[in-house]
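Enquirer: Sharing a structure with you now.
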Amino acid sequence: MIPVLIGITAIVFLIMSLIPGDPATAILGSYATPENVANLNAKLGLDKPAIQRYLIWLGNLAQGDFGRSFSLNRPVLDEILERFNATLILSGTAYLLCSFLGVLAGIVSASRQYEISDKLITFVVLIGISIPSFFLGMMLIVFFTVQLRWLPASGMFAIYGGGDFADLISHLIMPALALSFVATGVIARLSRSTMLEVLRLEYIRTARAKGVKEFRVVTRHALRSAVVTILPVLGLQAGFVLSGSVYIEIVFQWPGIGRMLVDAILTRDILLVQGGVVFVAFCYVFFNLAVDVLQLWLDPRIARK
Amino acid sequence: MIAFVKKVVRNRLAGLGLVVLFVIIVLAILTPLLPLAPPNAIDTPNRFVLPFSDNALLGTDHLGRDLLSRLLWGTQLSLAVGLAAAFIAGFFGALLGIVAGYLGGRADSLIMRSVDILMAFPYILLALAIVAALGPGLMNALIAVAVVNIPFFARNVRGVTVTLAQADFIQSARLSGRSDISILVFELLPNVASVIIIAFSTTVGWMILETAGLSFLGLGSQPPQADLGSMLGEGRAALITNPHTSIIPGIMIFLIVMGINLLGDGIRDALDPRLAKGQLEKPSPLTRIDDCLIQSPPIVSTASKAVMDVNHLSTNFEVGEVVKKAVRNVSFSINAGECLGLVGESGSGKSVTALSLMRLVASPPGVVVSGSVRISDQELLSLPYEDMRAIRGRTVAYIFQDPLTSLHPLHRIGHQLTEAMSTHNRGADSAFVERAKNLLSEVRIPNPERVMDAYPHELSGGMRQRIGIAMALANDPDLIIADEPTTALDVTVQAQILAILKDLRQQRGLSILFISHDLNVMAQICDRVAVMYAGEIVEMGRAPDILEHPKHPYTAALLACSPQIGHGRQSLQPIAGMPPTGHEPLNACAFANRCSRVQPVCHQQPVEVVDMDSQLVRCLFPVVES
């Protein structure tokens, strides 16, 4: 756990040290005197060896000091926390949606194998895993905003009025759907194949020999075991949803961390990029830790090993 | 190889994917030769021309550039960049994986630790960080996407390499003093190539999508050069007014990725042996009954006092055109309070017979093709699901062979027992729990309270089988079908389980169908014994008669090859040859090829059952003791 977190910071630091050129020259311009450059380097601590700079940065991170964004002129952490809220609303909704719909579709598909509902789900899933989420988002806008005029196409709240829960929901529907579609497909596929494998196991036959109703055989006996296989993949899908949110936040002008990162890259606000990446990666690690704990609770066989 | 390609293409969707991909790739390759407008020629007066216009088949974009031309050039670029990223990721990932797996030790743990940490990032964050450091641009986006995908290859390849590095041929190459490099290149690499190719085919679609994504964000290809992603990104500005500038590149990305996915699925399915064997199909809740049997059910005399009457039961396994006859024409009845033994080698069809009775044979591939199974004048083979379900576990209960795999691993014992009751009875949970504890004491489980809260993996094999028995007793059934209940247990536990079953028979007047391959076990518990061979019953009669005076040569041979305690030193006689597989039609005695008493006539006609001193024998030349 701790080694992974430290490893993440090390990799981010390593990548950032790939930046060509000298930051002090970049800040002062190419006509700066060597003296000024040296002074600024000393002031920024850039004259120290890399390992020392890394440790200083690590110490600052541990104290919650992510540095200051030059393009926004405010502490990086403040900006991140504000943006992360929006990302959490969007990604969280999409994640719940794809977990629920994906597993449900997988169960229906498996228990009605080769029937019309299975074929329909398989078809939609195929589209889901093949369509780029940003393209899907744009098509949703064309259809629901331009054609039907049902839903707003951008932002988290209406600029004039709005700001209440209903307003948030109406802004959330399309981006959440677009973001969850791919992950839903991946989860549905996995759930279907896992369910089909479990349904052939001997203890399912035992349940049937006991006279347990088929619905219960599927929902209690087979699903209970399938969840143990599906859960780790659900954990990984959180990473895919977070990744996809970068595109979706751009398409729907959602004021989240993904859009912040892209803007920061284009303005070359390195501290902001660095802080944002480390922050989100940490959250992802903690989330997967939570998934592991849940797994331990769901599968008593693991605890024994 | 050709057979494999045929197999992939026979899957219609995979064939479609292949065709779509082929067309797109050919178009991309031919792009420079096609009579297209220059992709970057700006013609602002003619901006946003709609598709299917005279001068521009797909219309023009916000600068009046020809969309068809840009689409094809963009496709070429996207494919090239995606493939290049995949090759780079594949190369370095495989290299790291092979080195880590081959060297092991410190190098392995260092490489794999780093890979784990790279995988701890949501993938796009890593890509964004790299682009942030190197600056936006197509080349940098390519590097970013490749780096992000290296861990996936490294992990897969390392897994295979670790196994291979232990293999004999690598070890002997090492001992022969060849250099590591030569072993890696000439011995290991050819063997991990298939893993690399599979990993490649599953990720190349992703990588095309990811590079398109970075370009879409403005971090990949820079104007005027355009790949599909940046075309989509530019189109977004005019999404509301001129959606066609977005739709056209979007659909192209979709088609490419879908084609790759379809083809990849087809390849994966063609490689999966389980699919061909029907092992990925959901077994239906009831074994399928053949249409012929439904249309013309057999006429059976109804006057019978037996608990269960089985007449001319036949069950097949049907996978595609291949039919395996697992059970042929089996008839027997079980009387109240009686224990009937069903004995035979593995594969003789005894378990399939047992499962056919409650229609529990997995279907597909199982099909009941003929016969009748009756319980007190009720025909089970024509019962609808709900009625069948009401009989399962209540009138007829099962005990299965391996209690570790037949108990649900994630349900507590108490829950599994009470569920058996609550399925068929209404009542308070506390009453079920109380009864479950009583059942556990009845099968001589010490400390039932504690066992109720345990999971199957926490108990010993003997304990688990007692739970299997307790579960079968839950609803006080008339008949218990015990399918090799003692086979997975060691001898002392076997004796305990048999003692429990014997007592239960006496106390409750249970009927038992007892299946085993062990004649000694049969002798201890059964009143009557039926011997199965190649799906048929070849001999049936009172247990002492069969076991002491076998009339069928097969039974005699079976007895001659099973050791008997207290009979001194014996030489055990194995039966030469193999039993029939059940694929061929049976126009002769099934045992003829292995029989020591065989006559030419045995090969020429099916053999009927004859009654010899109330012992049924399917043999033309039965053993007669002098």
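Enquirer: Pick from B:N191, B:N149: which is polar (S, T, N, Q), in a helix (DSSP H, G or I), at negative phi and in contact (Cβ under 8 Å) with a residue 40 or more places away in the chain?
Expert: Just one listed residue meets the conditions, B:N149.
Enquirer: Another question, if that's okay. Would the stretch B:21-42 turn up any residue that is at pLDDT 90 or above, within 14 Å of chain A (Cβ to nearest Cβ) and over 22 Å from B:T245 (Cα atoms)?
Expert: Yes, the stretch B:21-42 has at least one match.
Enquirer: I would also like to ask the following. crowded, with 22+ Cβ neighbours inside 10 Å and in a helix (DSSP H, G or I): does that describe B:A199?
Expert: yes
Enquirer: Part of a helix (DSSP H, G or I), in contact (Cβ under 8 Å) with a residue 60 or more places away in the chain, more than 19 Å from A:M156 (Cα to Cα) and not basic (K, R): does that describe A:S99?
Expert: It is true that A:S99 is part of a helix (DSSP H, G or I), in contact (Cβ under 8 Å) with a residue 60 or more places away in the chain, more than 19 Å from A:M156 (Cα to Cα) and not basic (K, R).
Enquirer: Additional query: Quick check on this structure: which one of A:L46, A:L18, A:L58 is touching a helix residue (DSSP H, G or I) at 6+ places or on another chain (Cβ under 9 Å), under 30 Å from A:N288 (Cα atoms) and not in a helix (DSSP H, G or I)?
Expert: Sole residue among the options that is touching a helix residue (DSSP H, G or I) at 6+ places or on another chain (Cβ under 9 Å), under 30 Å from A:N288 (Cα atoms) and not in a helix (DSSP H, G or I): A:L18.
Enquirer: Do we find that A:L72 is within 24 Å of B:G135 (Cβ to Cβ), of a type in the set (A, V, I, L, M, F, W, C), touching a helix residue (DSSP H, G or I) at 6+ places or on another chain (Cβ under 8 Å) and touching a residue at least 24 places away in the same chain (Cβ under 8 Å) in this structure?
Expert: Answer is yes for this residue.
Enquirer: Out of all the residues in the stretch A:178-192, is one or more among the basic types (K, R), surrounded by 17 or more Cβ atoms within 10 Å (Cβ to Cβ) and within 12 Å of chain B (Cβ to nearest Cβ)?
Expert: yes
Enquirer: Would you confirm, using the coordinates I've provided, whether B:V531 is closer than 25 Å to A:E202 by Cα and either touching a Lys or Arg at 6+ places or on another chain (Cβ under 6 Å) or not charged (D, E, K, R) (or both)?
Expert: no
Enquirer: Looking at B:P579 and the list (1) modelled with pLDDT of 75 or more; (2) farther than 18 Å from B:F621 by Cα; (3) more than 33 Å from the chain's Cα centre (by Cα); (4) not in a helix (DSSP H, G or I), which single condition is not satisfied?
Expert: Among (1) modelled with pLDDT of 75 or more; (2) farther than 18 Å from B:F621 by Cα; (3) more than 33 Å from the chain's Cα centre (by Cα); (4) not in a helix (DSSP H, G or I), the lone unmet condition for B:P579 is (3).
Enquirer: Tell me the helices (runs of 4 or more DSSP H) entirely within the stretch A:206-305 that contain at least 2 residues that are closer than 29 Å to B:I124 by Cβ and touching a Gly at 6+ places or on another chain (Cβ under 8 Å).
Expert: In the stretch A:206-305, the matching helices (runs of 4 or more DSSP H) lie at A:223-251, A:257-266, A:270-298.
Enquirer: Restrict the check to the stretch A:113-130 and report whether at least one residue is within 11 Å of another protein chain (Cβ to nearest Cβ), among the β-branched types (V, I, T), over 30 Å from A:V217 (Cβ atoms) and in a helix (DSSP H, G or I).
Expert: The answer is yes, given that some residue of the stretch A:113-130 is within 11 Å of another protein chain (Cβ to nearest Cβ), among the β-branched types (V, I, T), over 30 Å from A:V217 (Cβ atoms) and in a helix (DSSP H, G or I).
Enquirer: Kindly indicate which of B:R178, B:R158 is of a type in the set (D, E, K, R) and buried (at least 21 other Cβ atoms within 10 Å of the Cβ).
Expert: Within the list B:R178, B:R158, the selection yields B:R158.
Enquirer: Right, here's the next one. Do we have B:V115 as away from chain A (no Cβ under 14 Å) and among the β-branched types (V, I, T) here?
Expert: Considered against the rule, which asks whether it is away from chain A (no Cβ under 14 Å) and among the β-branched types (V, I, T), B:V115 comes out as no.
Enquirer: Let me ask something else. So A:L151 ticks every box in (1) in contact with a Pro (Cβ under 9 Å, 6 or more places away or on another chain); (2) in a loop (DSSP other than H, G, I, E, B) but one. Which box is left unticked?
Expert: (1)
Enquirer: Taking the residues in the stretch B:118-136 that are in contact with a Leu (Cβ under 8 Å, 6 or more places away or on another chain) and in contact (Cβ under 8 Å) with a residue 60 or more places away in the chain as candidates, determine which candidate is farthest from the other protein chains (Cβ to nearest Cβ).
Expert: B:A127
Enquirer: Kindly evaluate B:N475 against the criterion of being more than 25 Å from B:V352 (Cβ to Cβ) and over 31 Å from the mean Cα position of the chain (by Cα).
Expert: For B:N475, the condition - more than 25 Å from B:V352 (Cβ to Cβ) and over 31 Å from the mean Cα position of the chain (by Cα) - is not met.
Enquirer: Further question: Test of understanding: among A:L55, A:L46, A:L61, which residue is within 14 Å of A:M16 (Cβ to Cβ), hydrophobic (A, V, I, L, M, F, W, C) and over 27 Å from the mean Cα position of the chain (by Cα)?
Expert: From the options A:L55, A:L46, A:L61, the qualifying one is A:L46.
Enquirer: Consider A:V212 carefully, then state whether it is closer than 22 Å to B:E281 by Cβ and at the interface with chain B (Cβ under 7 Å from one of its Cβ atoms).
Expert: Yes, satisfied.
Enquirer: Here is a check on your reading of the model: is B:P446 under 20 Å from A:D299 (Cα atoms), at pLDDT below 95 and more than 9 Å from every other protein chain (Cβ to nearest Cβ)?
Expert: Criteria not met by B:P446.
Enquirer: Regarding the stretch A:51-64, can at least one residue be identified that is surrounded by 14 or more Cβ atoms within 10 Å (Cβ to Cβ), among the charged types (D, E, K, R) and either free of Cβ contacts under 8 Å to residues at least 12 places away in the same chain or under 30 Å from B:V115 (Cβ atoms) (or both)?
Expert: Taking every residue of the stretch A:51-64 in turn, at least one turns out to be surrounded by 14 or more Cβ atoms within 10 Å (Cβ to Cβ), among the charged types (D, E, K, R) and either free of Cβ contacts under 8 Å to residues at least 12 places away in the same chain or under 30 Å from B:V115 (Cβ atoms) (or both).
Enquirer: Can you list the helices (runs of 4 or more DSSP H) lying wholly within the stretch B:353-442 that have 2 or more residues being over 26 Å from the mean Cα position of the chain (by Cα) and facing chain A (nearest Cβ under 8 Å)?
Expert: B:385-391, B:413-422
Enquirer: If B:A436 satisfies all but one of (1) small (G, A, S); (2) more than 24 Å from B:A306 (Cα to Cα); (3) surrounded by fewer than 20 Cβ atoms within 10 Å (Cβ to Cβ), what's the number of the condition it fails?
Expert: (3)
The values are calculated or read from the model by the stated rules, or taken from the named source; none is laboratory data. In this text, all values refer to a predicted model and were calculated from it rather than measured experimentally. Note: ideal-geometry Cβ built from the backbone for every residue, glycine included; neighbour counts use all protein chains shown.
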